[in-house]
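Trainee: Below: one structure in structure tokens.
Any read-out appearing in this document is the output of simple, stated calculations on the displayed coordinates, not a laboratory observation. It should be emphasised that the depicted structure is a prediction, and the values quoted were computed from it without experimental measurement. Note that each Cβ is placed from the backbone with ideal geometry, even for glycine, and that neighbours are counted across all protein chains shown.
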Amino acid sequence: MRLNRSDFSTEELQRHFSNLNTGHRSARYVHIGEQKVSFLSFSEGRLIHSENLPIGVQILIDRFIKNDIPTEAEIEYTITEIEDQLMARPVLKNKDQHLVINDELIASALNLPKGKHQSFSKQEIESVFTEYAMLSMGRSPVLSQVEMDQQYYVGILILREILHHLYFDSVWVM
């Protein structure tokens, strides 16, 4: 498994957030785990809200993905589940926050070298997702610019849906 199995502590997140100069006074930290997606909202360096959603990468793969390369239908079912969970929680919508993620899975899926930090726009994440979606539509993995990996695919899909439905323009990947 490539997923970072450790749950983050509030202290670890506050340390990461205090060291991260994003230009924003508040941030939403997201962790895309195997069993859940966790959100922590910080303002002025203090935790103001936390929430866990039961849409972790492995949960979604086990529930919806039956093929090595997910079919279009499998991806649509997965998208619907993610959307339903996100839309049911309006408190998670962006309120002038910067989205931050520190997950090995996402960094690897985006080919971000270990220890490197980078901001990705919503459009850049959408482009990576499109590469995966092309595989579901029949493109040969040999011609793809992404590594076909179910965890990468679903992780990027979750991140894409978070950016879209929670109204974030970019994500800071650590």
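Trainee: If you rank E72, E124 by fewest surrounding Cβ atoms within 10 Å, what's the result?
Mentor: Working: E72 11, E124 15.
Placing the least packed residue first, the sequence is E72, E124.
Trainee: Another question, then. In a Debye calculation with equal point scatterers on the alpha-carbon sites of the range 55-128 and no solvent, what is log10 I(q)/I(0) at q = 0.17, 0.19, 0.25 Å⁻¹?
Mentor: Relative scattering, expressed as log10 I(q)/I(0), comes to -0.92, -1.11, -1.29.
Trainee: Taking K122 as the anchor, which lysines have their alpha carbon closer than 19 Å to its alpha carbon, excluding any fewer than eight residues away along the same chain?
Mentor: Output for K122: K93, K95.
Trainee: Continuing with the same structure: Can you give the convex hull volume per residue for the Cα atoms of the chain, as a whole number of Å³?
Mentor: Working: hull volume 18.2 nm³, N = 174.
In the chain, the Cα convex hull volume per residue is 104 Å³.
Trainee: Can you work out the PRE-style zone for E126? Point 7 Å along Cα to Cβ, and I want the residues of the range 140-174 with backbone N under 18 Å.
Mentor: 156-172
Trainee: Another one. Quick one: net charge around E51, please, counting Lys, Arg +1 and Asp, Glu -1 for every other residue with C-beta under 11 Å from its C-beta. Working shown, then result.
Mentor: On the way: positive: R28, K36, R89; negative: none.
Charge balance in the 11 Å sphere: +3.
Trainee: Follow-up. For the range 136-153, in order, what is each residue's ³J(HN,Hα) by Karplus, 6.51 cos²θ - 1.76 cosθ + 1.60 with θ = phi - 60°, in whole Hz (x at glycine and Pro)?
Mentor: Values per residue, Gly and Pro as x: 5, 8, x, 4, 5, x, 5, 8, 7, 9, 10, 7, 6, 8, 4, 5, 4, 4 Hz.
Trainee: With +1 assigned to the C-beta of every Lys and Arg and -1 to the C-beta of every Asp and Glu, and no other charges, what is the dipole magnitude of the chain about the Cα centre in debye, to the nearest 20? Write out the running numbers ahead of the final one.
Mentor: Working: 17 positive and 24 negative charges, 106 e Å.
Around 500 debye, computed over the chain.
Trainee: Then there is this: May I have the convex hull volume per residue, in Å³, for the Cα set of the range 21-85? Write down the numbers at each step before the final one.
Mentor: Values: hull volume 7.2 nm³, N = 65.
Per-residue hull volume (Cα only) is 111 Å³.
Trainee: With θ set to phi - 60°, apply the Karplus curve 6.51 cos²θ - 1.76 cosθ + 1.60 along the range 104-117 and write out the HN-Hα couplings as whole Hz, x wherever there is a Gly or Pro.
Mentor: So the Karplus estimates, Gly and Pro as x, are 4, 4, 5, 4, 5, 4, 8, 6, 8, x, 4, x, 9, 10 Hz.
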